[in-house]
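Before any comments, here is the structure.
Each reported figure results from applying straightforward, stated rules to the coordinates on display, with no laboratory input. It should be emphasised that the depicted structure is a prediction, and the values quoted were computed from it without experimental measurement. Every residue, glycine as well, gets a Cβ built from its backbone with ideal geometry; the counts of neighbours run over all protein chains shown.
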């Protein structure tokens, strides 16, 4: 990143475009280092995918509801924000898979559905005898088999066979990334997996070692009251540091003054008929989704350095509050991930929130439950028959049907207490093969733009851990260069 020559009155000013977690973290870090920061967000709410909504008088998460505990980076942040005492672990009921053969307990020893041990009894419920025999070949294959795989699907198929891919890995990966493992860059979605495989001699050993390397206890944690409190705490921290926050402003373009070196955002308020306005500063942090960052910065970069980044599929999250005492026994644990080979259910995942989080169950009381179903596989993204194309009331009806199938008990409309549909337009695109190289090239090209850097899930990978780690590293280096220059 080259640093712009700026006048002394504005040299410490930074514009942060995007008010999601990456943008809020960037603004917080820069403000703590003494920069004058302005955050610009196109939507009315801040926090991006870490938001809230109200159901049956309760505030619940409308997006992310947990964070991975493989690193302490998120818990450290929560401690800084005064939320450490609210960190809670999910109930240890385990999750399930929904396959064409029905609901099956999910193996709990591996990574992204890859078994870490072939002694896991759950394997017998999800794989045939021949499927288990093929998977066990992983132990005896040369470590080099699959080492050059570009996608996660290619790696799993080479090491453990098609059945492990179809019955274990694909439901997990599709539930998280909305696409099949054959399309996902293995080095991005499972960083370090191939290196561990080469070191330990098998894919199972690698998956097991990465799982064991996480801190003891659950692989994920949450916040009592919801992850949405992270967004609220970050915003409150920014307000205490007098960070200027502008919501409802869509950035149309960005220009750079060749004389002053200042970057100017051309914005339009979301209000109909509002005139464009401009805001300037010598330094710019792009904390938007990939297509927006590329659109805004593309004209300032050489054509070969502009990656082709398409928006991810629209995702709809349907939350249901139901009076159903039969669910008190948590018949499917904390929820299910659903194989894309299933034809009688259209959801890609179900979370039984009141079985997963004790604080939710305590607020609801016995007999009342919250289940959340997600819809929107990338394979259906452009289809007029896609579930996300349904109206909210139709989607809620479909969710009742799917929840009944998945949970093994009929839930009637009469038992529905409340429901809400939250839609995420252009959700995070899946990191397909070659994505990592695109990101490296894009960030290298940004080094030629004065006073500019970029952060966000499309660059770091999905999940709060990945976003927080990457944002900290990038903004730390960015701030140091600005301060050292001045």
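Brief remarks on what is shown
- Over the range 105-213 - Rg/Rh using Cα atoms and the Kirkwood inverse-distance radius: 0.92
- Checking (1) 39, 28, 21; (2) 35, 28, 22; (3) 41, 33, 19 against semi-axes √(5λ) of the Cα gyration tensor in Å calculated from these atoms, the matching label is (1).
- For the range 313-424, Kirkwood radius (reciprocal of mean inverse C-alpha pair distance, Å): 14.1 Å
- Cα-based helix-to-principal-axis angle, 228-240 vs the chain, degrees rounded to 10: 20 degrees
- Considering only the chain, percent of DSSP beta bridges that pair antiparallel, nearest 5: 70 percent
- Computed packing ranks the peptides 114-123, 150-159, 349-358 as 349-358, 150-159, 114-123, most packed first, by mean other Cβ atoms within 10 Å.
- Estimated 222 nm signal from helices in the chain, with DSSP H stretches of n ≥ 4 weighted -39500 (n - 2.57), rounded to 500: -9500 deg cm²/dmol
- With 0.36 nm allotted per residue and the present C-alpha distance subtracted, the residue 328-residue 303 stretch has 3.3 nm of extension available.
- Among 296-303, 366-373, 203-210, sorting by the average number of other beta carbon atoms lying within 10 angstrom of each residue, highest first, gives 203-210, 366-373, 296-303.
- For the range 1-126, the spread of Cα coordinates along the three principal axes comes to 69, 41, 32 Å, biggest extent given first.
- Cα gyration tensor, the range 209-270 - rounded (a/c under 1.5), prolate or oblate: prolate
- With Cα atoms, 0 to 90° folded angle of helix 392-407 axis to the chain main axis: 40 degrees
- Net lengthening on full extension, residue 224/residue 130 (0.36 nm per residue, minus Cα-Cα): 29.4 nm
- Length-normalised contact order for the chain - Cα pairs under 8 Å, 6+ apart - percent: 24 percent
- Each label was represented as a point 7 Å from its Cα along the Cα-to-Cβ direction; for residue 200 and residue 448 these points are 4.2 nm apart.
- Helix 203-213 vs. the chain, principal-axis angle (Cα, 0 to 90°, nearest 10): 60 degrees
- Per the Kirkwood formula applied to alpha carbons, the range 237-306 shows a radius of gyration over Rh ratio, Rg over Rh, of 1.00.
- Per residue, the convex hull around the alpha carbon atoms of the range 7-57 comes to 92 Å³.
- Among 386-392, 318-324, 79-85, the order from most to least packed when residues are scored by Cβ within 10 Å on average: 318-324, 386-392, 79-85
- The range 307-321 and the range 63-84 have Cα centres separated by 23 Å.
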